[in-house]
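Here's the structure we're looking at; comments come further down.
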Amino acid sequence: MLRSLYCCLLRLHPPGFRRRFGDEMLSIFDQASRRAEAFKLVGDGLFSLARQWGLRSEFWHGISPAPTPQPASDGVPSFATIDPFRPRTAAVVHGLVLSTAVFCLTCFAIRYSWIHVLHVRIPEVQFESPPVIEPGAGTSAMPEEPAVPRQERRAKNDVPGPFRAESGAEG
Amino acid sequence: MNDDATNFLPLSPAALHILLSLAAEDRHGYGIMQEVARQSEGKYKLGPGTLYDNLQRLIRQQWVEELGRRSGDDDPRRRYYRLTSIGRGVLAAEAARLAGVVREARLRLQMAKPQIPKPRRA
């Protein structure tokens, strides 16, 4: 039980530290014979976890020897300003998937939420159905409608049903 | 070398004990812990978290180098560590500094006279 907990603590350490020292720390834990020692080591692991993530950011991705300033050929020392940083491919892919999922979830929540806080109206995508042509009727048989702009036609169709019926009865 | 080594002084107690434990021979992590406990007569005990946190800094500063695993060891997970020449110089500088501190402390303590409180008259 305590060993499993200690393994979990080791897995939570920064990758560089875990790869380099994880096996050895577990080996030391296995040397502990008494339960009190094991408890102490778990506490030590917790403290180490906080220290590595909080104070040792330079060792998160492994240990490399300290850079030594090398003098240039003209005698003036050259200094390294910024280390080249390149994120791992897996981290980029994970970030992309996570961003897409969060974006979709946010859009879904805004669209279908019962609490409309923002009063943002997301228009629905409408696909116009193609005109249905009856097999027996030719194009010449169809009565020609007066040329009405498409927007006016749509406005007419948006009128509620009962009102439309009354207006039809009046006409 | 000593001029450069003095820039890193004083060492933390953990770093000093780790360097000191590696001064005589190469050791693995558990061996370093045991040696530190033996040197301090059990008064200073290093946990693995503190040990490897200091080791990674010492390796980065090139005071300690990692030798890897040894085939004949009881536990194949153990890695051995060795003190480099830079680390040996830093340890020597720290030992000289501590020797100076001890000498000064002894001198001050010998010069100080014990004060006996005078009895008050009634």
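Where a number appears in this text, it was derived from the coordinates with a stated rule and is not lab data. Treat the numbers as computed from the prediction; the structure is a model and nothing was measured. Counting neighbours? That spans all protein chains shown, and the Cβs are built from the backbone with ideal geometry, glycine included.
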Charge context of B:Ser12, other residues only, Cβ under 11 angstrom, K/R +1, D/E -1: -1
For B:Ser40, residues with placed amide H under 5 Å, excluding near neighbours: none
Restricting the range B:40-122 to trypsin sites (Lys or Arg not before Pro) in coil, as DSSP defines it, with at most 11 other Cβ within 10 Å: B:Lys43, B:Arg120, B:Arg121
Net +/- balance of residues flanking B:Ile86 in space, Cβ distance below 11 Å, scoring K and R +1, D and E -1: -1
Residue exposure sequence - B:Val36, A:Val93 - by fewest surrounding Cβ within 10 Å: A:Val93, B:Val36
GluC sites (Glu not before Pro) within the range B:1-104: DSSP coil, no more than 14 neighbouring Cβ in 10 Å: B:Glu25, B:Glu41
Built amide H within the under 5 Å cut-off of A:His61, gap 5+: A:Gly16
For B:Leu67, residues with placed amide H under 5 Å, excluding near neighbours: B:Tyr80, B:Tyr81, B:Arg82
Nitroxide proxy distance, nm - points 7 Å out along Cα→Cβ at B:Val102 and B:Thr6: 2.0
Candidates B:Gln56, B:Gln34, B:Gln110, ranked by Gaussian network fluctuation over chain B, Cα under 10 Å, top entry: B:Gln110
Mean ellipticity per residue at 222 nm, deg cm²/dmol - from DSSP H runs of n ≥ 4 across chain B, formula -39500 (n - 2.57): -17500 deg cm²/dmol
